[in-house]
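Participant: Once you've had a glance at the structure underneath, I'll fire off some questions.
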Amino acid sequence: MVRAAVCTAVGSPLEITDIDLPEPGAGQVRVKLVAAGVCHSDLSLTNGTMRLPLPAVLGHEGAGTVVSVGEGVTHVAPGDGVVLNWAPSCGSCHACSLGEVWLCANALAGAGNVHAKRSSDRSDLHPGLNVAAFAEETVVAANTVLPVPDGVPLTDAALLGCAVLTGYGAIHHSAQVKEGETVAVYGVGGVGLATIQAARIAGASKIIAVDVSPEKEELARRAGATDYVVASETTAREIRGLTGKQGVDVAVECVGRAVTIRTAWESTRRGGRTTVVGIGGKDQQVTFNALEIFHWGRTLSGCVYGNSNPEQDLPVLAEHVRAGRLDLSALVTEHISLDGIPAAFDNMVAGKGGRALVVF
Ligand SMILES: [Zn+2]
Ligand SMILES: [Zn+2]
């Protein structure tokens, strides 16, 4: 029996309760969590923006230690430190055959998924995004478990599993920021802060952080932002003012709202690139007129999981951590217990803080 945070239904408060896990079967691994980040996607599952089968154990940004492995698992052994990959690729669908593993058609199909049971009534619980990391322990399919590279503390490693792969990938894979380019980052949460750090690592000459809250300026500047803009109706104009009237080369939107996507696009130069990382709802309509699409010659791209291949990217990220370029602990603004997750959700809705990290 272990404690876990369970989403019972859309719109209901999270339930912190005891669950029972099965022993790992063939191709499965049991992991004792060390830390798990509270990501906006967890909130999106509870408020219905994203839909998955419920009730479910939430949490998808985790790291921990292998407790035991089932038959046929050879890439990790008990005692190993691991990062959880919530979107394992199948290797055989069309996207995977193109090497675009972040778009794997089967990433959330739940192949090999392990269902825990609520201890009180023995009811079945889905693993929210494959890995069910808001629990003291979890049993997962072996392909969701990646060894933690040397030199990365396990507590920090949790963030690699979602926020950092996403933010780093937005800059390096999706927008492909080159040295000397100017970048605007919209939304200074966990992913936004990782994006700012990635832009710094890429050698961006100017990094403009944008957020509705004036209180995040210090956090943004510590991550590498050179300028800070409190979001308003004049944000795009302010950004043009900071870039010789041109607009930035690259905008990364980490919010997922129509108005922010539109502003991000407007704040880029002619020919600029906008990458949308934020996950918005179906009610968020972004509009463009035909003439402006032609005139500005800009690009607007979606970005899933940072367009990353976790197996290839984790060693690269670890190298940045070891060299001191990537500061994972700087993304965390709060260390909490499982019981603190509902309050962390409230803070996200209110736009407060960076990443809240559950430490077990
Ligand atoms: Zn996430
Ligand atoms: Zn696939």
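Participant: From the Cα gyration tensor of segment 1-151, with a ≥ b ≥ c the square roots of its eigenvalues, which class applies: rounded if a/c is under 1.5, or else prolate if a/b is larger than b/c, or else oblate?
Facilitator: Numbers: a/c = 1.63, a/b = 1.16, b/c = 1.41.
Here segment 1-151 falls in the oblate category.
Participant: If a/c stays under 1.5 just call it rounded; otherwise compare a/b with b/c (prolate if a/b is bigger, oblate if not). Do that for segment 94-150, with a ≥ b ≥ c from the square roots of the Cα gyration tensor eigenvalues.
Facilitator: Details: a/c = 3.56, a/b = 1.69, b/c = 2.10.
Oblate, since a/c reaches 1.5 and b/c is not below a/b.
Participant: Which values, in whole Å and largest first, are the semi-axes of the equivalent ellipsoid of segment 320-360 obtained as the square root of 5 times each eigenvalue of the Cα gyration tensor?
Facilitator: Details: eigenvalues 111, 32, 5 Å².
Calculated on Cα positions only, the semi-axes equal 24, 13, 5 Å.
Participant: I'd like the FRET efficiency for residue 74 and residue 311, computed as 1/(1 + (r/R0)^6) with the beta carbon distance as r and R0 of 25 Å, rounded to 0.05. Before the final figure, lay out each step's value.
Facilitator: Working: r = 15 Å, r/R0 = 0.61.
That gives a FRET efficiency of 0.95.
Participant: Whole Å is fine, so just give me how far the alpha carbon centre of segment 121-142 lies from that of segment 293-360.
Facilitator: 22
Participant: Which of the GluC sites (Glu not before Pro) across segment 189-257 are loop residues per DSSP, with 15 or fewer other Cβ within 10 Å? Before the final figure, lay out each step's value.
Facilitator: Numbers: sites: 215, 217, 218, 233, 238, 253; in loops: 233.
Within segment 189-257, the qualifying GluC sites (Glu not before Pro) (loop, at most 15 other Cβ atoms within 10 Å) are 233.
Participant: When Rg is the radius of gyration of the Cα atoms in segment 201-267 and Rh is its Kirkwood radius, what does Rg/Rh come to?
Facilitator: Ratio value, two decimals: 0.93.
Participant: I need the Kirkwood Rh of segment 113-257: take the reciprocal of the average 1/r across all distinct C-alpha pairs and report it in angstrom. Walk me through the numbers on the way to the answer.
Facilitator: On the way: mean 1/r = 0.0581 Å⁻¹.
Taking the inverse mean of 1/r over all distinct Cα pairs, segment 113-257 comes out at 17.2 Å.
Participant: Under a point spin-label approximation (7 Å from Cα along Cα-to-Cβ), what is the residue 246-residue 15 distance to one decimal in nm?
Facilitator: 5.7
Participant: Can you give the net charge of the other residues whose Cβ lies under 11 Å from the Cβ of residue 133, counting K and R as +1 and D and E as -1?
Facilitator: On the way: positive: none; negative: 42, 61, 136, 137.
Net charge in that neighbourhood comes out at -4.
Participant: Now for a separate question. If you take the Cα atoms of segment 128-178, find Rg, then find the Kirkwood Rh from the mean of 1/r over all pairs, what is Rg/Rh?
Facilitator: On the way: Rg = 13.4 Å, Rh = 12.9 Å.
Over the Cα atoms of segment 128-178, Rg/Rh equals 1.04.
Participant: Okay, moving on. How big is the equivalent ellipsoid of segment 61-127 along its three axes, where each semi-axis is √(5λ) from the Cα gyration tensor, reported in whole Å from largest to smallest?
Facilitator: On the way: eigenvalues 126, 70, 24 Å².
Result for segment 61-127: semi-axes of 25, 19, 11 Å.
Participant: Only helical DSSP H runs with n ≥ 4 go in: add -39500 (n - 2.57) per run for the chain, normalise by residue count and round the 222 nm mean residue ellipticity to 500 deg cm²/dmol. Don't skip to the answer; put the middle values down first.
Facilitator: Working: 11 runs with 89 residues, N = 360.
Helix contribution divided over all residues of the chain: -6500 deg cm²/dmol.
Participant: Right, here's the next one. Could you tell me the extents of the chain's C-alpha atoms along the three principal axes, largest first, rounded to whole Å?
Facilitator: 61, 39, 39 Å, listed from the longest principal axis down.
Participant: Please sort by residue number the trypsin sites (Lys or Arg not before Pro) in segment 116-164 whose DSSP state is loop and whose Cβ has at most 12 other Cβ atoms within 10 Å. Write out the running numbers ahead of the final one.
Facilitator: Values: sites: 117, 118, 122; in loops: 122.
The qualifying sites are 122.
Values quoted throughout were computed directly from the atomic coordinates according to the rules given, and no laboratory measurement underlies them. Nothing here was measured: the structure is a model prediction, and the numbers come from that model. Positions of Cβ are backbone-derived with ideal geometry, glycine not excepted, and every protein chain shown enters the neighbour counts.
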